[in-house]
Structures are given as structure tokens and as C-alpha cells.
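Taking it in order: structure first as C-alpha cells, then the write-up.
The values are calculated or read from the model by the stated rules, or taken from the named source; none is laboratory data. Because the structure is a prediction, the values reported are computed rather than measured. Cβ atoms come from the backbone with ideal geometry, glycine included; neighbour counts cover every protein chain shown.
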Amino acid sequence: MPFSIAIASASSLRPSSRIVLMGDACHAMRPYMAAGGAMAIEDAAVLSRCIAGFDDLRTAFSVYEATRIPRVGEVQRISIANSWMHGPTEDVDWFFDYDA
Ligand SMILES: Cc1cc2nc3c(=O)[nH]c(=O)nc-3n(C[C@H](O)[C@H](O)[C@H](O)COP(=O)(O)OP(=O)(O)OC[C@H]3O[C@@H](n4cnc5c(N)ncnc54)[C@H](O)[C@@H]3O)c2cc1C
């Protein structure tokens, strides 16, 4: 039986002043990069560094948002297209060498 996969826009990662989302709660994605769990772990690493690095949560959450939305958005885009590693010469370093 066919099934659909719900996809949240990476923009729903946007924080309020007191609550912030991470992982599938804000950017569940199609499985074609096998990256949903990796993105959640990266979110956690970046968010913890932002909270440790800024005195106020609003700034920490804003930096977290600005850091994560472009990357998660690109992973979502490629996962939706189901085009990951379909060719032998694609540049994959941006994905595997990401330093959170
Ligand atoms: C079959 C399959 C294969 C996958 N393979 C890969 C892979 O190879 N690589 C990869 O990177 N990703 C993979 N993923 C995706 C990955 O599993 C998810 O993206 C990842 O688990 C998301 O983590 P999360 O912490 O955001 O959410 P979750 O792992 O869903 O964690 C949410 C937790 O919150 C709990 N919870 C929910 N509601 C409440 C509540 N009201 N109160 C308290 N607790 C609550 C849930 O029980 C759950 O434990 C796969 C997913 C599936 C389904």
C-alpha cells in the first residue's frame, strides 16, 4: 500500500523566545539521504554550543536558526528530489565533512 511521508519545512525550526525545536519535530524529511537522525544530532550539537556561547536565549536561538536552516533545507531539498549520489562524480564532502 502506498504511503506518504510528512515533510516539515525547515523554516518551522524558527524559535520563539523560550521554545526551540530540533530534529524531526521541525524538519522531518524523506529518507533518501538517510539523514534525519544525523540532522537531529547536528541540531543538538549546534544548539548546545549556541546556548553555551550567548548570554540570552533569543540570540542563541537566532544563531542556531541561522546556522541550521540552510543546511537542513538543502538536505530536505535533495531528499525530496531523491537525487543523492545518483551520479559517480557528485561532491559529497559538504554533507559528510560538516563540522557542527
Ligand atoms: C526506518 C527508518 C530508518 C532510518 N534510517 C536513518 C538513517 O540511516 N540515518 C539517519 O540519519 N536517520 C535515519 N532515520 C531517521 C531518524 O530515525 C530520525 O530522523 C530521528 O530519529 C529523529 O530524531 P528525533 O530525536 O528528532 O525524533 P525521535 O527519534 O522520533 O524522538 C522523539 C522521541 O520523543 C518521544 N515522544 C513523543 N511524544 C512524546 C511526549 N508527548 N512525551 C514524551 N516523549 C514523547 C518519542 O517516543 C521519541 O522517543 C530513519 C528513520 C526510519 C523510520
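Values for this structure:
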item: Cβ-Cβ under 9 Å pairs, at least 6 apart or on other chains, the range 17-28 side more than 16 Å from SER48 (Cβ to Cβ), far side within 7 Å of the ligand (Cβ to nearest atom) and small (Gly, Ala, Ser); result: ASP24/GLY36; ASP24/GLY37; ASP24/ALA40; ALA25/ALA40; HIS27/GLY36; HIS27/ALA40; ALA28/GLY36
item: Condition broken by THR67, with the remaining ones in (1) among the polar types (S, T, N, Q); (2) within 15 Å of the ligand (Cβ to nearest atom); (3) surrounded by 15 or more Cβ atoms within 10 Å (Cβ to Cβ) satisfied; result: (2)
item: Odd one out for ASP24 among (1) surrounded by fewer than 18 Cβ atoms within 10 Å (Cβ to Cβ); (2) at pLDDT 95 or above; result: (2)
item: Listing of helices (runs of 4 or more DSSP H) fully contained in the range 14-88 that carry 2 or more residues being closer than 16 Å to ASP99 by Cβ and out of contact with any helix residue (DSSP H, G or I) (no Cβ under 7 Å at 6 or more places or on another chain); result: 36-53, 57-81
item: Pick from the range 41-64, criterion within 16 Å of the ligand (Cβ to nearest atom) and aliphatic (A, V, I, L, M), ranking: nearest to PHE95 (Cα to Cα); result: ILE41
